[in-house]
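Everything on this sheet refers to the single structure shown next.
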Amino acid sequence: MVYLLTAFRSRAHTLRFYDLLRSYKVNCRVVNTPKEAKVGCGISVKCGTEASGYVNLSLLKTGFPTFIGVFKVTEDGGKKNFLKIF
């Protein structure tokens, strides 16, 4: 399984980013940030890789000051690999 995880230092910014993506009809959800990621406020926005354009556009448009990064997460046999893509 491969997906994108967007992390912020602020829970409020995480929720605002989620609402912004939903306004674009992006299929996403707020999830607990996996402890393996070692980043953020404890929650992140998870969405499919097909939403990367909307994620990038939303980040550029709003400029959240607490933005940490967007990670491509690959799950393989219970192990999660994180690659920061922007």
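Read-outs: derived from the displayed coordinates by stated rules, not from any lab. Just so it is clear, the model here is predicted, and its values are computed rather than measured. Every residue, glycine among them, receives a Cβ derived from its backbone with ideal geometry; neighbour counts consider all protein chains shown.
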Pick from GLY77, GLY63, GLY53, GLY69: which is touching a residue at least 60 places away in the same chain (Cβ under 8 Å) and farther than 14 Å from TYR3 by Cβ?
GLY69
Just for strands (runs of 3 or more DSSP E) wholly inside region 1-52: which have at least 3 residues that are surrounded by 17 or more Cβ atoms within 10 Å (Cβ to Cβ)?
2-8, 43-47
Residues in region 53-83 that are surrounded by 13 or more Cβ atoms within 10 Å (Cβ to Cβ), outside any strand (DSSP E or B) and of a type outside the set (A, V, I, L, M, F, W, C): how many?
5
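Yes/no per residue for (1) on the phi > 0 side of the Ramachandran plot; (2) under 10 Å from the mean Cα position of the chain (by Cα):
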| residue | (1), (2) |
| --- | --- |
| ALA7 | no, yes |
| VAL26 | no, no |
| GLY40 | yes, no |
| LEU57 | no, no |
| GLY78 | yes, no |
When both residues are 6+ apart or on different chains and their Cβ atoms are under 8 Å apart, which pairs have a first residue that lies in region 12-30 and is in contact (Cβ under 8 Å) with a residue 12 or more places away in the chain and aromatic (Phe, Trp, Tyr), and a second that is outside any helix (DSSP H, G or I) and surrounded by 13 or more Cβ atoms within 10 Å (Cβ to Cβ)?
PHE17/THR6; PHE17/PHE8; PHE17/VAL45; PHE17/PHE64; TYR18/CYS28; TYR18/VAL30; TYR18/VAL45
